[in-house]
Amino acid sequence: MSATLHEREAQVPRSVPALREQFRNGKATLLDHFRHARPSATAASYLVRTLARHVDKTLVDLWQHTSMPLGAALVAVGGYGRGELFPYSDIDVLVLLPPGDVYGNAALKAAIEGFITACWDIGLEIGSSVRTVAECVAEARRDVTVQTALLESRFLAGSRSLFRAFREDTAQAMDAKTFLRAKTLEMAQRHQKYENTPYALEPNCKESPGGLRDLQMLIWVARAAGLGRTWSELAARGLVTAFEVKQLQHNEGILRLVRARLHLVAGRREDRLVFDLQTSVADSIGYRPTRAQRASEVLMRRYYWAAKAVVQLNEIVLQNLEERITGSTDVPMRPVDERFFDRSGLLEVASDDVYVRDPHAILQTFLVYQTTPGINGLSARTLRALYNARSLMNGAFRRDPVNRATFMEIVRQPEGQTHVFRLMNGTSVLGRYLWVFRRIVGQMQHDLFHVYTVDQHILMVLRNVRRFFIPEHAHEYPLCSQLAAQFDDPWVLYVAALFHDVAKGRGGDHSEIGAREVRHFCREHGVDRENTKLVEFLVAQHLRMSRIAQKEDLSDPEVIESFARLVGSEQRLTALYLLTVADIRGTSPKVWNAWKGKLLEDLYRLTLRALGGAKPNLDAETEMRKQEARQILALHSALPGTELPLWAALDIGYFVRHDAADIAWHARSLWRHLKTTVPVVRARLSSLGEGLEVLVYTPDRRDLFARICGYFDSAGYNILDAKVHTSKTGYALDTFQVVSPLGEQYQRDLIPMVEAQLAQAVASTGPLPEPARGRLSRRVRSFPITPRISLHPDERGQRWVLGVSTSDRTGLLYAIARVLAKHHINLQLAKISTLGERVEDTFLIDGAELHQSKQQLEIESELLDAISPAIPAEAR
């Protein structure tokens, strides 16, 4: 035995350089083996264990090399203490000192410093702490993070007796109930940091809900209470079932594989599945693109399914641990019906096999949850029974008339849809009952403006629709709440919300495919013909109202008449308006703004008038707006008739594109400057409550719009809308809706600066500067969209419609305006639509060169060059 020890010591390199080479070569060999091995959870588990053992040996060698005192001990703590190390994880160690006045010992202090320095010299990026046993106990009592790290301690080298004393004292200091409460609160805080969803587009595979930390937390709590250190030990104590052990191990393996590959691809400690790395990680695991999905989407969907399962299992196991630790297993329960009890506000099944004996009880669980006052969740027993009953939700289950009736009863309830459908999705019941919904669970959307997976977006839209019918939310969108109060069948909108994007990722037009799916659903669920046609219409046309409002000229009577013919009735118009507002609000917090809201409301009101039989009469409309504007001018003490010279110089298009308040403001601002030779710029706070309204009046010139866009671009403003008019006297009267990134509290202070600087920019006569190619965001770089230009005459052949679709960047609108100015193209209307990080802009233009085929192709080519994203230097 002594000879064997002698041989081992003889193999130990005695110099730091030799140890460095041994450590680095050994780690490189392990990583290289993992890199080329068949990607699997088993390979990832083997890697993290062998990396930990490799570091163990290196640290022990260093401990001996630096001649640490015999009375001290080296202890692995934290994740490293578990015996797991991911390629670039922290290596947390504790240097445990014997009791006494150790800090006055200069030799001991020098030895510890030498050991820690040597660790860093050979490439071990350790996180070290130096404490006595008493200090460890005191620190653990003050800080639950330290207590957690010490809980997973593992002996490495030095005094075993000191380590045993450390383990005994820290175990005695542990209060399982206090620890459970602290870790539960800590988990809730961590989940809130990641928006309480496992479906973030760039999730943290360690810290996000459903990440590895959720599984580690369960083991920590079990260890603190002496209930087990592994899933198998928890099963032996009746806390988890054998099936749940398999599911826990399976999904933990997937998360472990993703994290290990993520570290390897990033070449650093990186636990976020950021856009830049998703494709590389997918490739390294072996995922390949399909006809409908990129490789990165296949990866993320697999990750989301694993994370969702972890969330479910975490809730089941944590509730069981809490009951065992707090002694609440025998809490009194109130019967709800013959199958369910109220267990302190949680719905509990009367028996574990209730769903096996009566599969109808699966959906009825959610109906009872929805309709029973005081029930705010499902107990661990119910969650477990649902988890184990997933195989029962098959084709026969979906075709069962009783289940169909129950589902429709849930949909038609007067309240509770938001929470019940979230719970159904979280327990995987929604996707197993609505099989078409299952196909979009965890599906990413790389369209640069949705920030949720498809299933989360759908549930967000359902929530938004539901809020229109709740009086407490009437202040958010008063018109929507007013219309909803008069809508007879809210459930029709709920069904439309559930199905509007359910065909995403299947190729083809998802609106058309979704309409077929919802028609099939309605037929199977006994929905009457009239409501079936309405919900089918809503799904098929759910993008139409937004597109018209943001891309077409709402002052054009033909646009309104055409849309009125499409919707056909006030009921359809109202339903489509409510769904559209809810849909846009459900894409991303950044996509909705007051300007989009105004455009949709204007389209709704104009179409409602057309449906009521009001024929467009532009002369009457103009006269009405003039009369209202005169009343506003009188309130501002304007002399009668001061507006007439300006109005006489403007055509009817000006009056139909501006409301009375705008017309009055323009007249008040310009009546003294009608023949000015210098630019007049006026700005005011937007009547919509967001940004500024800016008025520019100056002798017209072909590069005017480009110069204005250039100023707003350089000043950091986003242009939401632009209306361009040329008077009969040759003056340009242009108006803009703009927002500043500085925030609403600074907008009023910016007005004088905008008026002065924009007037100066408009007055300049030098050549237009080259547009800056603004930097692209990480998301745009990772998921680029193909720039597209469409150019065609309008329906009357009087103007041209230019459509631009590309990824957003600084300087984009100026680059477009510069091309138009170069070719003497007049801009009449600009509809600027920014959807997250994608732009969908529409311009009404005219110009002689548009009627010549060769020049038109040249214009289109230059516009494509202008809107194409800059190629990063490293990609050239």
**OP:** Return a yes/no flag: does the range 816-823 have any residue that is at pLDDT 85 or above, open to solvent by 50 Å² or more (accessible area, probe 1.4 Å), over 25 Å from TRP595 (Cβ atoms) and not in a strand (DSSP E or B).
**Re:** yes
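Conditions tested, residue by residue: (1) surrounded by fewer than 17 Cβ atoms within 10 Å (Cβ to Cβ); (2) over 21 Å from GLU517 (Cβ atoms); (3) without any contact (Cβ under 8 Å) to a residue 12 or more places away in the chain.
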position: SER391; (1), (2), (3): yes, yes, yes
position: GLY395; (1), (2), (3): yes, no, yes
position: ARG412; (1), (2), (3): yes, no, no
position: GLY431; (1), (2), (3): no, no, no
position: PHE437; (1), (2), (3): no, no, no
position: THR453; (1), (2), (3): no, no, no
position: LEU459; (1), (2), (3): no, no, no
position: ARG466; (1), (2), (3): no, yes, no
**OP:** Output the residue which, of all residues in the range 677-693 that are in contact (Cβ under 8 Å) with a residue 24 or more places away in the chain and among the polar types (S, T, N, Q), is surrounded by the most Cβ atoms within 10 Å (Cβ to Cβ).
**Re:** SER686
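So which of SER714, SER727 is open to solvent by 60 Å² or more (accessible area, probe 1.4 Å) and modelled with pLDDT under 95?
SER714
Results for (1) surrounded by 13 or more Cβ atoms within 10 Å (Cβ to Cβ); (2) modelled with pLDDT under 90; (3) in contact with a Gly (Cβ under 9 Å, 6 or more places away or on another chain); (4) not in a loop (DSSP other than H, G, I, E, B), shown as yes or no for each residue.
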site: HIS6; (1), (2), (3), (4): no, yes, no, yes
site: ARG38; (1), (2), (3), (4): no, no, yes, no
site: ARG49; (1), (2), (3), (4): yes, no, yes, yes
site: THR58; (1), (2), (3), (4): yes, no, yes, yes
Subject >> Members of the range 28-50 found to be in contact with a helix residue (DSSP H, G or I) (Cβ under 6 Å, 6 or more places away or on another chain) and without any contact (Cβ under 8 Å) to a residue 40 or more places away in the chain, listed by number >> reply: LEU30, ALA37, THR50
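Residues checked against (1) without any contact (Cβ under 8 Å) to a residue 40 or more places away in the chain; (2) polar (S, T, N, Q); (3) on the phi > 0 side of the Ramachandran plot:
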| position | (1), (2), (3) |
| --- | --- |
| TRP595 | no, no, no |
| THR607 | no, yes, no |
| GLY613 | yes, no, yes |
| ASN617 | yes, yes, no |
| LYS626 | yes, no, no |
| ARG630 | yes, no, no |
| SER637 | yes, yes, yes |
| PRO640 | yes, no, no |
Original post:
Out of the range 616-631, which residues are open to solvent by less than 50 Å² (accessible area, probe 1.4 Å) and of a type in the set (Asp, Glu)?
Top reply: GLU621
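For (1) surrounded by 14 or more Cβ atoms within 10 Å (Cβ to Cβ); (2) free of Cβ contacts under 8 Å to residues at least 24 places away in the same chain; (3) over 30 Å from LYS27 (Cβ atoms); (4) of a type in the set (Ser, Thr, Tyr), each residue gets a yes or a no:
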| site | (1), (2), (3), (4) |
| --- | --- |
| ILE112 | yes, no, no, no |
| GLU135 | yes, yes, yes, no |
| VAL144 | yes, no, yes, no |
| ALA149 | yes, no, no, no |
Subject >> Inter-residue pairs, beta-carbon under 7 Å, first β-branched (Val, Ile, Thr) and in the range 209-228, second part of a helix (DSSP H, G or I), 6+ apart >> reply: VAL221/PHE179; VAL221/LEU180; VAL221/LYS183; VAL221/LEU321
Subject >> Selection count where residues are in a helix (DSSP H, G or I) and either at pLDDT below 95 or open to solvent by less than 10 Å² (accessible area, probe 1.4 Å) (or both), scope the range 359-382 >> reply: 8
**OP:** Go through the range 844-858 and give me each residue that's open to solvent by 70 Å² or more (accessible area, probe 1.4 Å) and within 29 Å of ASP721 (Cβ to Cβ).
**Re:** ALA848, HIS851, GLU858
Subject >> Restricting the range 730-747 to residues that are within 19 Å of GLY691 (Cβ to Cβ), in contact with a strand residue (DSSP E or B) (Cβ under 8 Å, 6 or more places away or on another chain) and among the aliphatic types (A, V, I, L, M), the residue that is most open to solvent (accessible area, probe 1.4 Å) >> reply: VAL739
Original post:
Failed condition for LEU534, given (1) open to solvent by 20 Å² or more (accessible area, probe 1.4 Å); (2) of a type outside the set (Lys, Arg); (3) over 25 Å from SER428 (Cβ atoms), with all others met?
Top reply: (1)
Original post:
In the range 94-108, is there at least one residue being at positive phi, among the small types (Gly, Ala, Ser) and touching a strand residue (DSSP E or B) at 6+ places or on another chain (Cβ under 9 Å)?
Top reply: yes
**OP:** Determine which member of the set LEU218, LEU201 is at pLDDT below 95 and among the aliphatic types (A, V, I, L, M).
**Re:** LEU201
Subject >> the range 172-194: number of residues that are exposed (fewer than 14 other Cβ atoms within 10 Å of the Cβ) and either more than 23 Å from ARG237 (Cβ to Cβ) or among the aliphatic types (A, V, I, L, M) (or both) >> reply: 5
Original post:
If you check every pair at least six apart or on different chains, which have Cβ atoms under 7 Å apart with a residue in the range 714-737 that is at positive phi first and a residue that is open to solvent by 30 Å² or more (accessible area, probe 1.4 Å) second?
Top reply: GLY716/PRO741; GLY730/PRO699; GLY730/ASP700
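Please list, ordered by residue number, the helices (runs of 4 or more DSSP H) wholly in the range 74-186 having 3 or more residues that are out of contact with any Gly (no Cβ under 8 Å at 6 or more places or on another chain) and of a type in the set (Val, Ile, Thr).
106-121, 144-151
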Subject >> Failed item in (1) of a type in the set (Gly, Ala, Ser); (2) surrounded by 16 or more Cβ atoms within 10 Å (Cβ to Cβ); (3) part of a helix (DSSP H, G or I); (4) over 35 Å from the mean Cα position of the chain (by Cα), with ALA634 passing the rest >> reply: (2)
Original post:
Since GLU348 meets every condition but one in (1) open to solvent by 40 Å² or more (accessible area, probe 1.4 Å); (2) assigned to a strand (DSSP E or B); (3) of a type in the set (Asp, Glu), which condition does it not meet?
Top reply: (1)
**OP:** Sort through GLU601, GLU561 and tell me the only one that's touching a Pro at 6+ places or on another chain (Cβ under 9 Å), under 30 Å from ASP488 (Cα atoms) and open to solvent by 40 Å² or more (accessible area, probe 1.4 Å).
**Re:** GLU561
Subject >> All positions within the range 748-796 that are at pLDDT below 90, open to solvent by less than 50 Å² (accessible area, probe 1.4 Å) and assigned to a loop (DSSP other than H, G, I, E, B) >> reply: GLY766, LEU768, PRO771, GLY774, LEU776, SER777, PHE783, ILE785, PRO787, ASP794
Subject >> Some residue of the range 325-338 being part of a helix (DSSP H, G or I) and either touching an Asp or Glu at 6+ places or on another chain (Cβ under 8 Å) or in contact (Cβ under 8 Å) with a residue 12 or more places away in the chain (or both) >> reply: yes
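The values are calculated or read from the model by the stated rules, or taken from the named source; none is laboratory data. The structure presented is a predicted model; accordingly, all values stated were derived computationally and were not measured. Every residue, glycine among them, receives a Cβ derived from its backbone with ideal geometry; neighbour counts consider all protein chains shown. What goes into the accessible areas is simple: the full protein's heavy atoms, side chains included, and nothing from ligands, DNA or RNA. Shrake-Rupley method; radii C 1.70, N 1.55, O 1.52, S 1.80 Å.
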